[in-house]
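Here the structure is laid out as structure tokens; the discussion comes afterwards.
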Amino acid sequence: MKKLLITGSNGFVGNYFINKYKNKYDIKTFSFLKDNINTLDCNNIDVVFHLSALVHQMGGASTEEYEKVNVIQTLELAKKAKESGVKHFVFMSTVKVYGEETNNVYTETTICNPEDEYGKSKLKAELELSKLEDENFKVSILRTPIIYGYGVKANIKNLVNLVNKIPVLPFGGILNKRSMVYIGNICHLVDEIIRFRIEYGMTGENIFLASDDEPLSTSRLIELIAKNLDKKIYLVKIPFFESLLKILKPSFHKRLYGSLEVDNSITKEKLNLVNPYSVEEGIRLMIKEEKYYKS
């Protein structure tokens, strides 16, 4: 049984991964908030799965805060792991390293051009981690779009609450394309990356990209949420609403109308990967578990 060290284990993804794979791996956890990096023992650890991060903050965070959490702490952990003989370091990054919403499709080979401090800090961590690689220490970088599932917060959670409360919404006819990834698919991908390194050694590219099999428009996402909530929803298209929103709430407009599509064909081919959940199943499971825990 392989021994894993996971940071950010109390978070959304970490909690799911541990519950799903606790019988497959011998899992140890570490928290930068509660534990001391100087006393961390990485001896006999096979893989470090680094989830802990300062994610995109709606209220904003300073460059220094992103640097401290996403770069400095990441490198401290990686260097400690390498010195202790850990062979494999899996780093959870983000598609924000490519940039923002666009009509282009991001792939594993897209040139990175992050625009916000979160994306810049993640890319810097990626580049610094890659410098630590050698024949005995491999870094796997996993770039993800929005991850959803039970326990998700922020935009998806707000959308679910909105659909639950309001039967008529002015979001009809939105034809954007936004890639997301269900938490069950992202954790399966991590498991496959670990398997890949075990079976094929430490060779090969280190960039992996996560996504469900198809992108969703905002209108389609709302329809799927409503369907699984058993809510009758009416999506209407109001003249000038989009233009007005773009002026008054540009960040909100970007999230609702902007496209951010990824194509992870290279990752799928490399790992012979098949997502265990379709996007429809992912939305259904998210809502089903939400209902279960609230009942």
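The values are calculated or read from the model by the stated rules, or taken from the named source; none is laboratory data. For clarity, every value in this text was computed on a predicted model and none was experimentally measured. Cβ coordinates were reconstructed from backbone atoms using ideal geometry, including for glycine residues, and neighbour counts include every protein chain displayed.
Restricted to the range 1-43, and to residues there that are without any contact (Cβ under 8 Å) to a residue 12 or more places away in the chain and not in a helix (DSSP H, G or I), the residue that is nearest to ILE183 (Cα to Cα) is LYS22. Scanning the range 164-192 for residues that are buried (at least 22 other Cβ atoms within 10 Å of the Cβ), aliphatic (A, V, I, L, M) and either touching a helix residue (DSSP H, G or I) at 6+ places or on another chain (Cβ under 6 Å) or at pLDDT below 95 (or both) gives a single hit, ILE183. Annotation note: Cβ proximity below 6 Å between a residue of the range 62-81 that is closer than 21 Å to SER140 by Cα and a residue that is assigned to a helix (DSSP H, G or I) and hydrophobic (A, V, I, L, M, F, W, C) (sequence gap 6+ or interchain) occurs for ASN70/ALA125; VAL71/ALA125; THR74/ALA125; GLU76/ILE37; ALA78/LEU129. Against the definition (closer than 27 Å to VAL181 by Cα and modelled with pLDDT of 95 or more), how does THR102 come out, yes or no? Here the answer is no, as THR102 does not meet what is asked.
For first residues located in the range 88-99 and on the phi > 0 side of the Ramachandran plot and part of a loop (DSSP other than H, G, I, E, B), partners that are surrounded by fewer than 24 Cβ atoms within 10 Å (Cβ to Cβ) and among the charged types (D, E, K, R) and lie 6+ apart or on another chain with Cβ distances below 8 Å form the pairs GLY99/GLU115.
Among residues of the range 112-139 that are closer than 21 Å to ILE194 by Cα, those with a Cβ under 7 angstrom from a residue that is among the small types (Gly, Ala, Ser) and assigned to a helix (DSSP H, G or I), sequence gap 6+ or separate chain, pair up as LEU129/ALA78; LEU132/ALA78; VAL139/SER130.
When each of ASN15, ASN19 is tested for being surrounded by 11 or more Cβ atoms within 10 Å (Cβ to Cβ) and not hydrophobic (A, V, I, L, M, F, W, C), the lone residue that passes is ASN15. The lone criterion from (1) surrounded by 19 or more Cβ atoms within 10 Å (Cβ to Cβ); (2) within 22 Å of ILE183 (Cβ to Cβ); (3) not small (Gly, Ala, Ser) left unmet by VAL55 is number (1). Here ILE233 does not fit the description of being at pLDDT 95 or above and either within 20 Å of ILE156 (Cα to Cα) or aromatic (Phe, Trp, Tyr) (or both). Against the criterion of being touching a Ser or Thr at 6+ places or on another chain (Cβ under 9 Å) and modelled with pLDDT of 95 or more, LYS79 does not qualify. Could you tell me whether VAL190 is among the hydrophobic types (A, V, I, L, M, F, W, C), part of a helix (DSSP H, G or I) and within 30 Å of SER243 (Cβ to Cβ)? Here the answer is no, as VAL190 does not meet what is asked.
Is it the case that some residue within the range 146-163 is of a type in the set (Phe, Trp, Tyr), in a loop (DSSP other than H, G, I, E, B) and surrounded by 17 or more Cβ atoms within 10 Å (Cβ to Cβ)? Break it down stepwise before answering.
Pass one, the range 146-163, residues of a type in the set (Phe, Trp, Tyr): 148, 150.
Still in the list and also in a loop (DSSP other than H, G, I, E, B): 150.
Restricting the remaining residues to those that are surrounded by 17 or more Cβ atoms within 10 Å (Cβ to Cβ) gives 150.
Yes, the range 146-163 contains a residue that is of a type in the set (Phe, Trp, Tyr), in a loop (DSSP other than H, G, I, E, B) and surrounded by 17 or more Cβ atoms within 10 Å (Cβ to Cβ).
Residues in the range 84-120 that are under 21 Å from PRO215 (Cβ atoms) and of a type in the set (Phe, Trp, Tyr): 2 in all.
Test VAL152 against the stated conditions and say whether it is at pLDDT below 95, within 25 Å of GLY11 (Cα to Cα) and not basic (Lys, Arg). In short, yes.
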